[in-house]
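So the structure is just underneath, and the comments pick up after that.
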Amino acid sequence: RTTDVEFISNVYQEGNRLVAQCNVRDITARVKMEAHIKQQALALADRARHKDEFLAMLSHELRNPLAPIRSATHLLRLQTKGPENLIQQRAVEVIERQVTNLTRLVSDLMEVSRALTGRIRLEIQTVDINQVLRHAIETAQPLIGKRDHTLVANLCPDPIWAAVDPTRMEEVFINLLGNAVKYTNAGGMITVTCEHHQNHALVRISDNGAGIDPALLPRIFDLFSQGDRTLDRSQGGLGIGLSLAHRVVQMHGGSLEATSAGPGKGSEFTVRMQLAAAPGGGPAIPAAAEEHRADTMRVMIVDDNVDACLMLADVLRLKGHSIVTSHSGPEAIAVAETWRPDVLLLDIGLPGLDGYEVARRLRASPATRNMKIIAVTGYSSEKDIELGKEAGFNAHLVKPAELADIERLLEGWSPGAALAAAAQ
């Protein structure tokens, strides 16, 4: 039998003699406890990894059915013009609105997974925080107007510069504005204030709404934490938004704090960011890219979701494009080499060959190397996008893709541009 022991020895002077003292202690219990803690840590890490993988797969699987639903609503909207179709128009508006809500929730799941694992990449620029706030307010304005709120914006009279990712910070402010709208009764007031305080920029978003219970304040930024968890769930959401905003601000080296005098007394969220030196000169404005648009375009849609193919094909046909569809990787290559489309809308998760391999083979063939290849997929991580670029994709759209985004990419097509982008 083996026993774990701890052996401690020392030598000391006792009178005229040197004395050696040895202590042997049985540490079996401690070793077992350490092993147990290590096993728990490994188990927790494994659970966290599986959770992130589950969130990524859940996001992908939820996007797949949303794509044909969105295409179907576009198709219905084109067919429901006129006063005799008011009921259909109202139904289409409801479906579109709810698909947008579901898409936002799915995106939130993906974003929080990225934030938790440090996979959000920031594109830092020196920007005027006033301008970022203006864009956020403009984006949130329809939601604010819908609930008849009054928004007061007190922005700085001069530019207030900070080194941030403008897109991510705009999302933070939109999130905070949406939170204020959600928890403020109709007709309430929301105030946005930007201040220059010593070497920091302070952005305060306050409201006169429901306020925050003191017991909730310490964990207001915890994942999936929400106030008012009543059964009616009238406010909706997953409790992700504030946690995500908090993490993104921290990634910028800033802070996000919440204060409230209590329930019914409103709340205030304060974003603090380090100021940056003003840029030496305004960035050059690039000349508008020359666009090529054909009256009709040959578009091939490849997706193993048959409904998604049919709905998107019908919408694009009504726009005047020639359409062919395919549902597997090998079939897509064969059809593309024969039909030679101008643009290929290509899913990634396909039977036979995945979308990456399809793109690689089409780029390698002289007959198809000049076509524009656009990913339309539920795979949306940075790794997925990078793999797409390496395979030869010109653009990456996440399901359910907006028709406007597809049309924009079709309008901007030219054979030379497509080949140049694929070669980069």
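The values are calculated or read from the model by the stated rules, or taken from the named source; none is laboratory data. Remember, predicted model here, so these are calculated numbers, not experimental data. In this analysis, Cβ positions are derived from the backbone assuming ideal geometry, glycine residues included, and neighbour counts consider all displayed protein chains. Surface accessibility is based on the protein's heavy atoms, side chains included, excluding ligands, DNA and RNA. Shrake-Rupley method; radii C 1.70, N 1.55, O 1.52, S 1.80 Å.
Looking at (1) within 26 Å of the chain's Cα centre (by Cα); (2) under 27 Å from LEU102 (Cα atoms); (3) open to solvent by 50 Å² or more (accessible area, probe 1.4 Å), find the lone condition where LEU350 falls short.
Single failed check for LEU350: (3).
What's the total number of residues in segment 311-347 that are assigned to a loop (DSSP other than H, G, I, E, B) and either buried (at least 21 other Cβ atoms within 10 Å of the Cβ) or among the basic types (Lys, Arg) (or both)?
Within segment 311-347, the subset assigned to a loop (DSSP other than H, G, I, E, B) is 319-321, 327-328, 340-342, 347.
Then keep just the ones that are either buried (at least 21 other Cβ atoms within 10 Å of the Cβ) or among the basic types (Lys, Arg) (or both); that gives 319, 340-341, 347.
Here the count works out to 4.
When you scan segment 351-372, do you find a residue that is within 22 Å of LEU310 (Cα to Cα) and part of a strand (DSSP E or B), even just one?
Yes: segment 351-372 contains one or more residues that are within 22 Å of LEU310 (Cα to Cα) and part of a strand (DSSP E or B).
Among the numbered conditions (1) open to solvent by 90 Å² or more (accessible area, probe 1.4 Å); (2) modelled with pLDDT under 85; (3) more than 21 Å from the chain's Cα centre (by Cα), tell me where ARG49 comes up short.
Status for ARG49: all satisfied but (3).
Do we have any residue at all in segment 369-386 that's surrounded by fewer than 19 Cβ atoms within 10 Å (Cβ to Cβ), free of Cβ contacts under 8 Å to residues at least 24 places away in the same chain and among the acidic types (Asp, Glu)?
yes
Regarding LEU133, is this residue at pLDDT 75 or above, open to solvent by less than 60 Å² (accessible area, probe 1.4 Å) and of a type outside the set (Asp, Glu)?
Yes; evaluated as a whole, the condition is true for this residue.
Of all the strands (runs of 3 or more DSSP E) wholly in segment 182-299, which have at least 2 residues that are open to solvent by less than 20 Å² (accessible area, probe 1.4 Å), at pLDDT 85 or above and under 19 Å from ASP165 (Cβ atoms)?
Here the list reads 200-207, 267-274.
List the number of the failed condition for VAL127; all other conditions in (1) modelled with pLDDT of 75 or more; (2) open to solvent by less than 50 Å² (accessible area, probe 1.4 Å); (3) assigned to a helix (DSSP H, G or I) hold.
Result: VAL127 fails condition (3) only.
Here's the yes/no breakdown for (1) open to solvent by less than 60 Å² (accessible area, probe 1.4 Å); (2) modelled with pLDDT under 75:
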position: MET33; (1), (2): no, no
position: GLN39; (1), (2): no, no
position: LEU42; (1), (2): no, no
position: PHE54; (1), (2): no, yes
position: ARG70; (1), (2): yes, no
position: ARG77; (1), (2): no, no
position: ASN85; (1), (2): yes, yes
position: GLN88; (1), (2): no, no
position: ARG97; (1), (2): no, no
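Could you please find all residues in segment 387-414 being part of a helix (DSSP H, G or I), open to solvent by less than 50 Å² (accessible area, probe 1.4 Å) and in contact with a strand residue (DSSP E or B) (Cβ under 9 Å, 6 or more places away or on another chain)?
Residues satisfying the conditions are GLY388, ALA391, ILE406, LEU409, LEU410.
Give the residues of segment 142-166 that are out of contact with any strand residue (DSSP E or B) (no Cβ under 6 Å at 6 or more places or on another chain) and surrounded by 13 or more Cβ atoms within 10 Å (Cβ to Cβ), sorted by residue number.
LEU143, ARG147, VAL164, ASP165
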